[in-house]
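Written below as structure tokens is the structure these notes are about.
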Amino acid sequence: MFGLLPVRGTFTIGQGRITVAELVEELSIQVVMEAASFGSGNQQRDEHVRSPDYLDVARHPEIDFRSQRLERSASDATLQGELTVCGVTRPVAVTLDTVLHEGKRITASGTARVDRYAFGVTKAKGMTGRHLRITLEVVANR
């Protein structure tokens, strides 16, 4: 039931890089996701999301995130960056929920709220909400 219930989907990361700096605020993250890899477990929905109505993967095969800076306060940390979807780049803020260091492994999770209209993804208005909540779970190894 499009538009009425949350849909969980995943993307495959084509490439990514986390650069840890001496000052944590200078942390740098770059991630390129393969748009055609979108999967939610429902083939019909997945094909529609990949279609020109949404991601138009034939014309825009990648979704790109590049951080600009990390802002920390006493209560939370926010990764400020730019997200490129369908050839349109807009600022996005990812609120970090957890960051764990385990030897050579870093695990992080965070959330962002994205206005799909800001990226030109405006079709199927009755099928999908305008604002999407994105949850990121990232594991990086040195």
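The values are calculated or read from the model by the stated rules, or taken from the named source; none is laboratory data. Just so it is clear, the structure is predicted and the values come from calculations on it, not from any experiment. Because the Cβ atoms are built from the backbone with ideal geometry, glycine has one as well, and the counts that use them run over all protein chains shown. Each accessible area value is taken on the protein alone, full model and side chains, heavy atoms only, with ligands, DNA and RNA left out. Shrake-Rupley method; radii C 1.70, N 1.55, O 1.52, S 1.80 Å.
Table for the structure above
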{"read-out": "Criterion (closer than 27 Å to residue 18 by Cα, at pLDDT below 90 and of a type in the set (Asp, Glu)) met by exactly one of 102, 62, 82, 34", "value": "102"}
{"read-out": "Pairs where the first residue, in the range 5-24, is closer than 19 Å to residue 57 by Cα and open to solvent by 100 Å² or more (accessible area, probe 1.4 Å) and the second is in a strand (DSSP E or B) and at pLDDT 85 or above, C-beta under 6 Å, 6+ apart", "value": "15/32"}
{"read-out": "Test: residue in the range 25-40 that is among the hydroxyl-bearing types (Ser, Thr, Tyr) and in a loop (DSSP other than H, G, I, E, B)", "value": "yes"}
{"read-out": "Wholly enclosed strands (runs of 3 or more DSSP E) of the range 76-142 bearing at least 3 residues open to solvent by 40 Å² or more (accessible area, probe 1.4 Å), of a type outside the set (Lys, Arg) and free of Cβ contacts under 8 Å to residues at least 12 places away in the same chain", "value": "88-102"}
{"read-out": "Cβ pairs under 6 Å, 6+ apart, first in the range 33-62 and in contact (Cβ under 8 Å) with a residue 40 or more places away in the chain and aromatic (Phe, Trp, Tyr), second crowded, with 17+ Cβ neighbours inside 10 Å and in a strand (DSSP E or B)", "value": "none"}
{"read-out": "Total residues in the range 41-72, condition over 16 Å from residue 90 (Cβ atoms), among the hydrophobic types (A, V, I, L, M, F, W, C) and not in a strand (DSSP E or B)", "value": "3"}
